[in-house]
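Chemist: Have a look at the structure that comes next, please.
Please treat every number below as a calculation from the coordinates, not as lab data. Not measured: the values here are computed from a predicted model. Here the Cβ is made from the backbone with ideal geometry for all residues, glycine too, and neighbour counts use every protein chain on show.
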Amino acid sequence: MEWQRNIKTLTEDEIKAWLREVDEKPFRAEQIQKWLFCQQVKSFDEMLNISPALREKLAKQFELRSLKEDQHMVSVDGTVKWLFETWDGHHIETVMIPANGRFSVCVSTQVGCAMNCAFCRTAKMGFFRNLEAGEILEEIINVNWYLKENNIFNEEGQIAQVTNIIFMGMGEPLNNLENVHRVCCTLHNQKLFNMGSKRMTVSTSGVVPRIKELVDRNTPCCLAISLNSTNNEYRSSVMPVNNIWPIEKLLEGVDEYIRRTDNYVTFEFVLIQGITCTPKAAKELIRICAPRRVKVNAIILNDGDDPNLHAPTPDEVDTFLAAVRAAQIQITIRTARGRDILAACGQLAHKKKNDQGVFERGSSLPDATPRQS
Ligand code: SF4
């Protein structure tokens, strides 16, 4: 298949440069971007204040829709998961989680992932390529189309729009920083999405030099770290990135980020019975968190993925939370959403790959509503 550049990847200045090359007026760049990101049109023909001749040039040169929806599935809890096919035949996932008046979207940033975390289905696919900024923005725009087409309203009684972005789908976002930076800038742009930087969170497995680069670039976003353990030996065994940047180095990066941005950092922490959800692990977590502006997002292990690992009992979770809270550390439990539709990162695309192109509703999807499009 022939590759055409995705118009949504380009900045306003880059569109201006192209317009000059094709003898068109540079001020058209702002109009084009408004059609793309405010009106969120589905074809160049809908750009009514752009001349037919320029629309034709645009269509010849650029792709406007490069993601094709393969299917979407709606969970009983309202979570929606999409499987998109990229222009070169790969599959990526996007998840929308409606909660407390917010419509958060977890976007993929790469096709597959090279970080090889032991607990992750995406890791088992290997790494294929980075997603372009335009493709990541299309994930978000597709969710907005869904909200509009299904008459889903926000608390103000208006058609809902995506309110928060989490870069935590397939891929390590900091290994695709150029494109993630472009996406954050487009979302933050007052003339386009006008999304506050606190509503965008980049979650990393711990690529320390890129955390510094994120600050150097002044990327408008918050930072989350998949910490998962405070023990180097265990963390290295499940997250190979820890062999390169162990916890001490990671904390140096976190400290520099906090010092230079004055933002909080969120630690994602999976609670596993007898390993990360013990009184000793709570003490270690307190030691790491107490001197820093951090919050902890605890996630109870999804029982069943690995026969050797188990979710803690409710009592064990309560004891852990009480110990951490007693040390004045902000910790919340993130409840798993969309389990019935394989909403965790990489599950659906991994299944698609294993099914060799045939996606069927499986026994692990008891309450899901799969829809082919
Ligand atoms: S958890 Fe994230 S960083 Fe680790 S392999 Fe999966 S997608 Fe990559």
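Chemist: Highest mean first, how do 184-191, 202-209 rank when packing is the count of other Cβ atoms within 10 Å averaged over residues?
Modeler: 202-209, 184-191
Chemist: Turning to a different aspect of this structure: Between E63 and residues 5 or more places away or on another chain, which pairs have amide H atoms under 5 Å apart, with H built 1.01 Å from N, and which residues are they?
Modeler: For E63, whose amide H was placed from the backbone, the distant partners under 5 Å are R5, N6, I7.
Chemist: Still on this model: With an 8 Å Cα cut-off and a minimum separation of 6 or more residues, compute the relative contact order for segment 227-337 in percent.
Modeler: Result for segment 227-337 is 27 percent.
Chemist: Mind checking the angle between helix 52-61 and the chain's longest principal axis? C-alpha axes, 0 to 90 degrees, to the nearest 10.
Modeler: 50
Chemist: What's the angle, to the nearest 10 degrees (0 to 90), between helix 177-188's Cα axis and the longest principal axis of the chain?
Modeler: 70
Chemist: Right, another one. Out of residues 5 or more away from I225 or on other chains, whose amide H comes under 5 Å of its own, with H placed 1.01 Å from N in the peptide plane?
Modeler: So I225 has HN proximity to T204, T266, F267, E268.
Chemist: From the phi of every residue in segment 279-284, what ³J(HN,Hα) in whole Hz does the Karplus formula 6.51 cos²θ - 1.76 cosθ + 1.60 yield, where θ is phi - 60° and glycine or proline is x?
Modeler: x, 5, 5, 4, 4, 5
Chemist: Still on this model: Tell me which lysines have Cα within less than 25 Å of K8's Cα, excluding those fewer than 8 residues away on the same chain?
Modeler: K16, K25, K34, K42, K57, K60, K68, K81, K148, K191, K198
Chemist: Something else about it: For the pair N150 and A114, how long in nm is the line joining their label points, each one 7 Å along Cα→Cβ?
Modeler: 3.6
Chemist: Counting only C-alpha contacts under 8 Å and six or more residues apart, can you give the relative contact order of the chain as a whole percent?
Modeler: Relative CO of the chain lands at 16 percent.
Chemist: Next question. I'd like the distance between the alpha-carbon centres of segment 200-231 and segment 262-312, rounded to an integer number of Å.
Modeler: 17
Chemist: Go through segment 212-228 residue by residue and turn each phi into a ³J(HN,Hα) via Karplus (6.51, -1.76, 1.60, θ = phi - 60°); whole Hz please, and just put x for glycine and proline.
Modeler: The phi angles translate into 5, 5, 4, 6, 4, 7, 6, 5, x, 6, 9, 10, 10, 10, 7, 7, 6 Hz.
Chemist: Helix 314-326 sits at what angle to the longest principal axis of the chain, using alpha carbons and giving 0 to 90 degrees rounded to 10?
Modeler: The angle comes out at about 90 degrees.
Chemist: What list of ³J(HN,Hα) couplings, whole Hz, do you get for segment 242-253 from phi and the Karplus terms 6.51, -1.76, 1.60, once you set θ to phi - 60° and write x for glycine and proline?
Modeler: Working through the residues one at a time gives 5, 5, 8, 10, x, 3, 4, 5, 4, 5, 4, x Hz.
Chemist: Still on this structure, I have one more. Please list the non-local residues whose amide H lies under 5 Å from the amide H of I331, H modeled 1.01 Å from N, same-chain partners needing a gap of 5 or more.
Modeler: Those lying under 5 Å, H to H, from I331 are V296.
Chemist: Roughly speaking, what % of Cα-Cα pairs in segment 47-201 are separated by over 17 Å, rounded to a whole number?
Modeler: Roughly 66 percent, once rounded to a whole number.
Chemist: From zero up to wherever the largest Cα-Cα distance of segment 241-322 sits, split into 10 Å bins and tell me the percent of pairs in each.
Modeler: Using 10 Å bins, I get a P(r) of 16, 42, 32, 10, 0 for segment 241-322.
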